[in-house]
Structure formats: C-alpha cells, structure tokens
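Notes follow the structure.
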Amino acid sequence: MLGEPRGSLIVVCGCPGTGKTVYCATVAYSLVSEGKKCVYVSFIEDKDYFFRNMKNFGMDFKKMEEEDRFLFLDIVSPGEAGLQAVTNNILEAIERLNAEMVVVDSFSALEMAFPKKSDVRVFLHHIFSRVVRRMDCTSYVVVEGEEVTTAMPSYIADAVVLLKTRPIEGGRVLREFHIVKTRWGEKDFSPKLFTLHQGFKTFKSYRFVEPRERKRFEPIPDTNDRFSSGVNGLDKILGGGYPKGSVVLWDVGENVPLHAFAPFIIATECNFINQGRLVVVLPTKGVDATFKKKLHEGHIDKEAYGRNLFIVQYTVSVEKLEPYMIEFDPNIEMLQERISSFITHRKREIGEPILVVVGWDMLEHVYDPKGLTQIFNFFVIETKTRGDLMLVVTKPDVKQIETLKDIADVHIKLRMFEGNLVLYCEKPYTQPYIVDFDTDKGFRIPKPIPVK
C-alpha cells in the first residue's frame with residue numbers, strides 16, 4: 001500500500017514480466033487479510049490460473065473467496081460482452097461485495113478488445129473517477145508499458161507506480177519499484193529494489209543495526225565435503241557451503257561498508273572457532289588486531305583469543321603484543337615462514353581444519369606484487385593440500401584482482417544498488433540476492449533473499 005486515501009485511483013505500469021499482477025495481488029491480499037473486501041477484474045487470466053499462480057507466492061485467494069471477502073471477475077473476452085456489459089459487471093460486483101478495493105488487470109487488454117480507444121478512455125474516466133470514487137472504493141489499474149500517458153491521461157490517476165527490471169553484469173537483473181506520481185503528502189520518489197520471492201516485497205535501504213545483546217554464535221555443522229559458511233542462506237546458495245580445500249574470493253564493491261560485508265566473514269570465523277578450530281586473520285586496511293577482536297566479542301569464548309583466533313598486527317598502535325596477535329614483519333618471506341610454522345604447529349596440536357582470512361588490499365599496500373604472488377601461491381597450495389579453507393577479501397582498488405579471480409574456487413560479489421546490499425556469485429554462477437540482516441539471535445546473520 002502507498003498510504004493512499006480510500007477512493008483513490010492508482011495506476012500500476014510496467015513492461016510484461018515486471019511483476020504488476022503480483023504487486024496488485026499482494027496489496028489486495030494484504031487488505032483482505034485485514035478483514036476488508038476486494039474485487040479483482042482480470043481481462044488476461046482465468047480464475048483457476050490466477051488462484052494457482054498466486055498460491056505459489058503464498059496467497060490463498062480461494063480461501064478468501066470462500067469467506068466472501070474476495071471476488072474474482074474473469075472477463076477474458078471483453079469484446080464479446082460489450083463495453084457497457086463489462087462496466088455493469090464491475091459495478092455490480094463492487095456493490096454486491098461492498099468492496100473497498102478493485103483491481104483492473106489490465107487496462108491495456110481492455111483497450112485491445114475495443115476498436116474505438118476513445119470509448120475505453122471514457123469508460124475508464126467514468127467508472128473510476130466518478131462512480132467508484134463515490135462508492136469510496138480504492139482502484140488499482142494495470143497498464144502495460146512504461147509510458148502511462150500514452151494509454152491514459154495522467155491527470156486521472158492519484159498515483160502512478162512503475163515497475164522496472166534493471167540489467168546488471170552477467171545477464172542478471174534486479175527489480176525496481178518507482179513512485180512516479182502521488183497526490184497526497186510528501187513521498188520518497190527514489191527507486192526501491194523489490195523481489196517476487198514469496199510475494200511482492202520492497203526493501204528499505206541498508207542500515208547498520210547492532211543486536212541488543214551479543215550472544216555466542218551457535219556453529220552450523222559441516223557436510224562431508226563442505227565447510228559451512230556460518231550463514232544458512234549462503235550455504236544454500238553454494239550448494240551446501242564452501243568446498244573443503246578451497247580458496248574463496250569475496251569481491252567487495254564500492255560503497256560497501258565494513259559492517260555490511262564483515263558479518264559474512266565473521267560468521268565463518270566464529271563457525272570455525274566455536275568448533276575448536278584454528279583461525280588466522282590478516283586484516284584488511286583500516287582494521288588492526290584490536291578492532292578485529294572487538295568484532296568477535298560476545299560471539300566466541302574469551303578463552304578462544306590466543307587459543308583458536310590469531311590476528312596479524314600490522315601497526316604499532318599497541319605497546320605490547322597480546323597472546324592472540326601475530327607480529328607483522330616487513331619482509332614477506334619472514335612473515336610467510338612465521339605464519340606457516342605457526343599453522344603447522346597448531347595443526348599438529350588440534351588436528352582440525354584451519355581457516356585463513358586474508359585482507360588482500362592490506363597485503364598489496366605493504367608488499368611488492370612479485371613477492372606477494374609467490375607467497376600467496378604457497379598458501380593456496382597448502383590450503384588445498386591440507387583440505388583447509390582460505391577467504392580472500394578484496395576492495396575496488398586491488399590491482400591483482402584478475403589473478404585472484406583465476407585462482408579462486410568460489411567467487412562471491414557484494415555490491416550496493418539503490419542503497420541495498422546485493423550478493424551474487426560468479427563461481428558458481430548465481431542470480432542476485434538482496435541481503436537483509438537478522439539480529440534476533442544476538443548476531444548479525446545475513447539473510448540473502450532471491451530476486452525472482
């Protein structure tokens with residue numbers, strides 16, 4: 001709903017397949033669920049098909065019809081009935097049900113059924129701007145195409161909604177919801193992303209929300225050949241989680257803040273740590289060991305610092321190294337030897353898989369490319385040989401991104417579109433997901449929602 005007054009006329013326009021019918025059906029179902037009544041007039045679908053299709057989106061209109069709260073008018077051949085008969089059928093249905101909402105889907109189909117387009121426009125003006133408003137019945141009218149003024153004078157409508165698809169890389173598309181016009185109050189006219197997954201849903205712009213109380217992260221068990229990412233939704237996208245012995249590239253785009261992508265990484269780290277495994281972190285730019293430690297506080301046991309979690313301290317911002325810190329060495333070969341011997345020793349002690357998290361932008365900042373590539377290849381081979389896991393996080397200014405893409409077994413991208421965090425994979429190829437967050441369990445759990 002747009003918050004419109006009763007008796008308003010809302011035009012819903014868009015090209016075929018943009019979700020106009022699902023949008024109108026979702027608004028109708030929401031109102032009927034609140035105890036109101038609705039008439040749905042369709043010139044393009046019969047009732048059985050509509051009921052079956054909407055049931056797939058979680059809307060049981062058949063039940064609503066049985067309870068006399070919903071009436072579906074199936075007028076798939078309006079030309080045979082005649083314009084006056086169509087008008088009478090709609091008005092009689094509204095009066096009989098005492099409906100508070102009517103949907104006409106679609107005006108464009110009605111136009112095609114009658115040769116004199118001017119008659120159809122007169123019909124529209126008469127039935128909606130006069131009769132229906134007197135009955136205090138809100139009207140939603142579907143129009144095919146993005147130029148609503150070519151089908152109907154824009155001054156008749158109180159609000160105009162436009163649904164569009166937006167192509168992004170790799171043949172993927174996002175769905176956009178635009179409010180083009182409204183006659184009541186101040187409205188936000190910026191586009192909003194939406195999904196048709198389980199019905200029509202728009203998304204608010206991403207914002208950081210901290211859990212009221214941080215709680216220990218409950219680990220998710222692995223499968224035989226995959227490590228859980230710690231995020232159920234991501235595991236499902238990846239076919240069960242990260243393959244064991246794999247290198248995962250987290251390709252973070254412009255304007256994606258740390259607190260937007262960090263929960264994915266922290267979830268995997270906590271999932272390892274709380275199963276008694278070892279995690280070694282080489283942080284990204286702007287994150288030192290002390291700050292990284294704070295990101296885990298409350299989610300892992302205090303004893304895990306210096307036992308299961310170790311972080312390279314690049315800066316000299318601390319007077320002395322804490323037990324969980326690994327001292328930085330400007331000589332990359334020395335740092336490699338230090339980390340490698342440390343991992344080998346700990347692996348021998350605990351006998352569990354190891355997670356290495358690499359902030360590539362920081363490594364590029366402090367080391368020359370040739371030596372960095374050589375050392376990285378060494379750790380990749382070690383990861384695959386031992387059956388461990390490596391997460392590599394990159395930012396837009398990373399120079400060796402193409403090399404990393406080639407090496408990675410899994411390639412995940414995070415981007416911002418219209419203020420929303422969007423995730424999609426190149427390896428394996430996936431469609432886009434809009435990322436929401438759930439804080440009910442004391443942890444910012446990412447919830448990827450498919451764009452369908």
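Values quoted throughout were computed directly from the atomic coordinates according to the rules given, and no laboratory measurement underlies them. Predicted model only: the values in this text are computed from it and were never measured. As a convention, Cβ positions derive from the backbone with ideal geometry for all residues, glycine included, and neighbour counts pool all protein chains shown.
Using a 7 Å offset from Cα along Cα-Cβ at Leu321, what residues in region 351-370 end up with backbone N under 19 Å from the label point?
Output list for this probe position: 356-359, 363, 366-367.
Got a sec to turn the phi values of region 393-410 into Karplus ³J(HN,Hα) couplings, 6.51 cos²θ - 1.76 cosθ + 1.60 with θ = phi - 60°, whole Hz, x for Gly and Pro?
Karplus values, whole Hz, x for Gly and Pro: 9, 10, 10, x, 8, 5, 8, 9, 4, 5, 5, 5, 4, 5, 6, 5, 7, 10.
Using a basic spin-label model with each label point 7 Å from the Cα along Cα→Cβ, how many nm lie between Glu254 and Gln374?
Inter-label distance under the simple model: 3.5 nm.
When DSSP assigns beta bridges and you keep just the ones with both residues in region 9-202, what percent turn out antiparallel, to the nearest 5? Could the numbers behind the result be given before it?
Details: 15 of 39 bridges.
Just about 40 percent of them are antiparallel.
GluC sites (Glu not before Pro), restricted to region 195-303: which are DSSP loop and have at most 13 other Cβ atoms within 10 Å?
Here the GluC sites (Glu not before Pro) that fit, given the DSSP loop and packing criteria, are Glu213, Glu254.
With a 10 Å radius around each residue's Cβ, average the other Cβ atoms per peptide and rank 333-341, 272-280, 54-62, highest first.
Descending packing order for the listed peptides: 272-280, 54-62, 333-341.
Can you spot the aspartates and glutamates whose alpha carbon is less than 16 Å from Lys370's alpha carbon? Ignore those fewer than 8 places along the same chain.
Partners found: Glu333, Asp361, Glu402.
Restricting to DSSP loop positions (anything but H, G, I, E, B) with no more than 16 other Cβ atoms inside 10 Å of their own Cβ, which GluC sites (Glu not before Pro) remain in region 20-115?
Passing both the DSSP loop test and the Cβ count: Glu34, Glu67.
Per 0.36 nm of contour for each residue apart, how much would the distance between Glu426 and Asp329 grow if the chain were fully extended, relative to their Cα-Cα spacing?
Roughly 31.5 nm would be gained on extension.
In the chain, if the dipole is taken from +1 on Lys/Arg beta carbons and -1 on Asp/Glu beta carbons about the Cα centre, which of Cys425, Gly245, Leu196 is farthest to the positive end?
So the residue furthest toward the plus end is Leu196.
Between rounded, prolate and oblate, where does region 226-450 land on the alpha carbon gyration tensor, with a ≥ b ≥ c its root eigenvalues, rounded for a/c under 1.5, else prolate if a/b exceeds b/c?
Rounded, since a/c falls under 1.5.
Using a basic spin-label model with each label point 7 Å from the Cα along Cα→Cβ, how many nm lie between Glu210 and Gln84?
For Glu210 paired with Gln84, the spin-label model returns 7.1 nm.
If you take the charge dipole of the chain about its Cα centre, with +1 on Lys and Arg Cβ and -1 on Asp and Glu Cβ, which of Leu321, Leu295, Tyr29 is farthest toward its positive end?
Tyr29
About the Cα centre, and with charges only on the beta carbon of Lys, Arg (+1) and Asp, Glu (-1), how big is the dipole of the chain? Nearest 20 debye, please.
About 400 debye.
Indicate the gyration tensor shape class of region 287-346 (rounded, prolate or oblate), computed on the Cα atoms with a ≥ b ≥ c the square roots of the eigenvalues: a/c under 1.5 is rounded; otherwise a/b larger than b/c is prolate and the rest oblate.
oblate
Only one of the listed values, (i) 24, 52, 22, 2; (ii) 25, 58, 17, 0; (iii) 22, 41, 24, 12, 1, was derived from the coordinates as P(r) over Cα pairs in 20 Å bins from 0, in percent; which label is it?
Computed from these coordinates, P(r) over Cα pairs in 20 Å bins from 0, in percent corresponds to label (iii).
Calculate, for Thr165 and Glu92, the FRET efficiency according to 1/(1 + (r/R0)^6) with r their C-beta to C-beta distance and R0 30 Å; round to the nearest 0.05.
Efficiency at R0 = 30 Å is approximately 0.20.
Round to the nearest 0.05 the FRET efficiency obtained for Asp119 and Asp301 when R0 = 56 Å and r is the Cβ-Cβ distance.
With R0 = 56 Å, the Cβ-Cβ based efficiency is 0.15.
Quick one: Thr182, Thr290, Thr21, fewest Cβ neighbours within 10 Å first, how do they rank? Intermediate values should be presented prior to the final figure.
Details: Thr182 19, Thr290 15, Thr21 22.
Lowest count first: Thr290, Thr182, Thr21.
Name the residues of region 68-112 whose amide N is less than 12 Å from a point 7 angstrom out from the Cα of Asp46 along the C-beta direction?
Flagged as within label range: 74-77.
Looking at Val39, Val392, Pro446, which one has the Cα that reaches farthest to the positive end of the dipole of the chain (charges on Cβ: Lys, Arg +1; Asp, Glu -1)?
Val39
Within the set Lys47/Lys201; Lys413/Lys441; Lys192/Lys244, which residue pairs have Cα atoms separated by over 30 Å?
Lys192/Lys244
By how many nm would the segment from Glu65 to Phe189 grow when fully extended, if each residue of separation counts as 0.36 nm and the alpha-carbon distance is taken off?
41.1 nm
Filter the chymotrypsin sites (Phe, Trp or Tyr not before Pro) in region 239-270 to those in DSSP coil with at most 11 other Cβ atoms within 10 Å of their Cβ, and list the result. Show your work: numbers first, answer last.
Working: sites: Trp250, Phe261, Phe264; in loops: none.
Sites meeting the loop and neighbour criteria: none at all.
Order these peptides, 398-404, 408-414, by their mean beta-carbon neighbour count within 10 angstrom, highest first.
Put in order of decreasing packing, that is 408-414, 398-404.
Need one word for region 213-300: rounded, prolate or oblate. Basis is the Cα gyration tensor (sqrt eigenvalues a ≥ b ≥ c); a/c below 1.5 gives rounded, then a/b vs b/c decides.
Oblate is the answer for region 213-300, as a/c is 1.5 or above yet b/c matches or exceeds a/b.
Need the C-alpha centroid separation for region 80-103 versus region 278-315, integer Å.
What the calculation gives is 66 Å, centre to centre.
For the ranges 237-244, 203-210, 70-77, what's the packing order if you count other beta-carbon atoms within 10 Å of each residue, average per peptide, and put the highest first?
Result, highest mean Cβ count within 10 Å first: 237-244, 70-77, 203-210.
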